[in-house]
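K.L.:
Let me give you the structure first, and then I'll get to my questions.
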Amino acid sequence: RQRAQIDSRVQVHKLCQEAAPRILEDFKPQLMIAIGGGGYVPARILRSFLKQPGSPNIPIQAIGLSLYEALPPSHASGANTPGDVEQLGTKVTRTQWLDLTSLGEMENLVGKRILIVDEVDDTRTTLEYAVKELEKDVELARQKLGGKGEKTVFSVFVLHVRLISPCTIPSRGRILKL
């Protein structure tokens, strides 16, 4: 069991290392937004590989989105026990959004290249939600600036695309250019 955990950490590290040159060449992100909880670790590892000599680290922000819902408790006390299964939900729940105390104002995202990072893509629903909501927030900020400023560009990095078979749960989101 410990060997599987080590292998998966090594695999995450390797996937981030392999993706970094292409991300730098094609996108050059100025900010990363990790979708928690799975996006935190790959974002942090990826940032190490994206670091350019003489340049500061790319800042990482976190947003919390949940598409999974806990099944009814399996313990007689009514409490969920560790390892209880969660099922895929039907609606994205926003549990955390951008930290504007460190970003300043939303206007500071106008004209930036922002990389959204997540670990697993099951249905594209959370990724689609994140992109649409971030685009909406940044466009509102751009309008506050009088419509001035370049358009903010978003891109997505996902470690594992594990789309659930259409016969069980269809992919509800649009396909994002990775």
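The values are calculated or read from the model by the stated rules, or taken from the named source; none is laboratory data. Predicted, not measured: the structure shown is a model, and the values here were computed from it. Cβ: placed from backbone, ideal geometry, glycine included. Neighbour counts: every protein chain shown. Heads up: the accessible areas ignore ligands, DNA and RNA and are worked out on the full protein's heavy atoms, side chains in. Shrake-Rupley method; radii C 1.70, N 1.55, O 1.52, S 1.80 Å.
K.L.:
Here is a check on your reading of the model: is ALA141 without any contact (Cβ under 8 Å) to a residue 40 or more places away in the chain, open to solvent by less than 40 Å² (accessible area, probe 1.4 Å) and part of a helix (DSSP H, G or I)? Spell out the reasoning first.
P.N.:
Numbers: without any contact (Cβ under 8 Å) to a residue 40 or more places away in the chain: yes; open to solvent by less than 40 Å² (accessible area, probe 1.4 Å): yes; part of a helix (DSSP H, G or I): yes.
When the stated conditions are applied, ALA141 passes them.
K.L.:
Residue check: is GLU139 touching a Gly at 6+ places or on another chain (Cβ under 9 Å), at pLDDT 85 or above and among the acidic types (Asp, Glu)?
P.N.:
Considered against the rule, which asks whether it is touching a Gly at 6+ places or on another chain (Cβ under 9 Å), at pLDDT 85 or above and among the acidic types (Asp, Glu), GLU139 comes out as no.
K.L.:
Could you tell me whether SER171 is more than 21 Å from ILE45 (Cβ to Cβ), open to solvent by 40 Å² or more (accessible area, probe 1.4 Å), modelled with pLDDT under 85 and touching a Leu at 6+ places or on another chain (Cβ under 6 Å)?
P.N.:
For SER171, the condition - more than 21 Å from ILE45 (Cβ to Cβ), open to solvent by 40 Å² or more (accessible area, probe 1.4 Å), modelled with pLDDT under 85 and touching a Leu at 6+ places or on another chain (Cβ under 6 Å) - is met.
K.L.:
Would a scan of segment 40-56 turn up a residue that is open to solvent by less than 80 Å² (accessible area, probe 1.4 Å), over 20 Å from the mean Cα position of the chain (by Cα) and at pLDDT below 90?
P.N.:
Scanning segment 40-56, I find no residue that is open to solvent by less than 80 Å² (accessible area, probe 1.4 Å), over 20 Å from the mean Cα position of the chain (by Cα) and at pLDDT below 90, so the answer is no.
K.L.:
Looking only at segment 16-39, filter to residues that are open to solvent by 50 Å² or more (accessible area, probe 1.4 Å) and in a helix (DSSP H, G or I); which one of those is farthest from THR101 (Cα to Cα)? Spell out how you get there, then give the answer.
P.N.:
As a first pass, look at segment 16-39 and keep what is open to solvent by 50 Å² or more (accessible area, probe 1.4 Å): 17-18, 21-22, 25-26, 28, 30, 37.
In the following step, the residues that additionally are in a helix (DSSP H, G or I) were identified as 17-18, 21-22, 25-26.
Values: GLN17: 31, GLU18: 33, PRO21: 31, ARG22: 31, GLU25: 31, ASP26: 30 Å.
Once the filter is applied, the top-ranked residue is GLU18.
K.L.:
Which one of these does ASP84 not meet: (1) of a type in the set (D, E, K, R); (2) at pLDDT 85 or above; (3) assigned to a loop (DSSP other than H, G, I, E, B)?
P.N.:
Going through the list (1) of a type in the set (D, E, K, R); (2) at pLDDT 85 or above; (3) assigned to a loop (DSSP other than H, G, I, E, B), ASP84 breaks only (2).
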